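Asks: Have a look at this one.
The values are calculated or read from the model by the stated rules, or taken from the named source; none is laboratory data. Every value quoted in this text rests on a predicted model; they were computed, and no experiment measured them. Neighbour counts are summed over all protein chains in view; Cβ atoms, including those assigned to glycine, are modelled from backbone coordinates with ideal geometry.
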Amino acid sequence: MADGLDVCIRATTPIAIDVAFSVHVHETLALIGPSGAGKSTILRTIAGLHRVPEGTIRADGETWLDTAAGIDLAAAQRHAGMVFQSYALFPHLTAAQNIMEAMLDRPRGERRHCADALLKRVHLEGLGHRLPAKLSGGQQQRVALARALARSPKILLLDEPFSAVDRPTRRSLHQLLREIRSETPLPIIFITHDVEDALASADRLCLIEAGKVTADVEASRTAAEGDDRLSAWLIDV
């Protein structure tokens, strides 16, 4: 898929993984499944933070991983925007400064303007001067998302983006992800344990069990038809 993401990876340790899937630009894929199923390992492998012995990963026509050809780009070379579950913000830097840390390849004079534009994009206009400790959990999540976008990524990866925020904040994050999907030509993948979050934010749902994709369905179809598998996903997910 020249304009999207193609993933095919296999490993036996430390956790067995054998998955293959594609994600188009302007498409959001939710990876759901029980703890220990391999969801985070898949995300980290795409980002270049975990190595597998066999596989291929191609994004926007670029080969990031091809073990048969000896290609394995470092995380810094993959241009993946990653939002960690812990947000991973620098506590001593302001919101704007945290975002600017992802722009070290840009001229210094452009960074603050770009950071302010990204803060506005994630609906945090005027809060660039605040330290993370002075922001709510949902606001910190938005800063982390803005920082990921500051890399001009080819894909956006989010690890449990809704797990640490309350229900109203979740709804606003659902809306923000839909906005980014619509406005930004890149594939989005996120992990969640909540099927409702997946249905609210994703175009497709992939169920990961024991390192394999056991179901891959359109979110709209799943919601409309009341797919029987949805009930099973609600157990131990």
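Asks: Under 6 Å between Cβ atoms, which residue pairs at least 6 apart in sequence (or on different chains) link something in region 76-95 that is closer than 16 Å to residue 60 by Cα with a partner that is of a type in the set (Gly, Ala, Ser)?
Replies: 78/48; 80/47; 81/148
Asks: May I pose another question? Scan region 3-22 and report the pairs whose first residue is buried (at least 17 other Cβ atoms within 10 Å of the Cβ) and whose second residue is among the aromatic types (Phe, Trp, Tyr) and assigned to a strand (DSSP E or B), with Cβ atoms within less than 7 Å and a gap of 6+ or a chain change.
Replies: 7/21
Asks: Scan region 108-131 and give yes if some residue there is charged (D, E, K, R) and assigned to a strand (DSSP E or B), otherwise no.
Replies: Our first condition is that a residue be charged (D, E, K, R); within region 108-131, this holds for 108, 110-112, 116, 120-121, 125, 130.
Keeping just the survivors that are assigned to a strand (DSSP E or B) gives none.
Within region 108-131, none of the residues are charged (D, E, K, R) and assigned to a strand (DSSP E or B).
Asks: Touching a Gly at 6+ places or on another chain (Cβ under 8 Å) and hydroxyl-bearing (Ser, Thr, Tyr): is that true of residue 67 in this structure? Give the steps one after another, and end with the answer.
Replies: Numbers: touching a Gly at 6+ places or on another chain (Cβ under 8 Å): yes; hydroxyl-bearing (Ser, Thr, Tyr): yes.
So residue 67 passes the test.
Asks: Looking at region 172-223, what strands (runs of 3 or more DSSP E) fall wholly within it and have at least 1 residues that are among the small types (Gly, Ala, Ser) and either crowded, with 16+ Cβ neighbours inside 10 Å or in contact (Cβ under 8 Å) with a residue 12 or more places away in the chain (or both)? Step through it out loud before you land on a result.
Replies: Numbers: elements: 188-191, 204-209, 212-218.
Ranges flagged: 212-218.
Asks: To continue, here is another question. Can you tell me how many residues in region 161-171 are among the β-branched types (Val, Ile, Thr) and assigned to a helix (DSSP H, G or I)?
Replies: Of the residues in that region, 1 qualify.
Asks: What is the number of the single condition among (1) surrounded by 19 or more Cβ atoms within 10 Å (Cβ to Cβ); (2) under 17 Å from residue 201 (Cβ atoms) that residue 95 does not meet?
Replies: It fails just one condition, (2).
Asks: Which one is surrounded by the most Cβ atoms within 10 Å (Cβ to Cβ) among residues in region 39-52 that are within 18 Å of residue 70 (Cβ to Cβ) and touching a strand residue (DSSP E or B) at 6+ places or on another chain (Cβ under 6 Å)?
Replies: 45
Asks: Report yes if some residue within region 97-105 is modelled with pLDDT of 95 or more and not in a helix (DSSP H, G or I); otherwise report no.
Replies: For region 97-105, residues modelled with pLDDT of 95 or more and not in a helix (DSSP H, G or I): absent.
Asks: Going residue by residue through region 22-38, is there one that turns out to be more than 27 Å from residue 174 (Cβ to Cβ), outside any helix (DSSP H, G or I) and either modelled with pLDDT under 95 or out of contact with any helix residue (DSSP H, G or I) (no Cβ under 8 Å at 6 or more places or on another chain) (or both)? Outline the logic, then answer.
Replies: Filtering region 22-38 for residues more than 27 Å from residue 174 (Cβ to Cβ) gives none.
No: zero hits.
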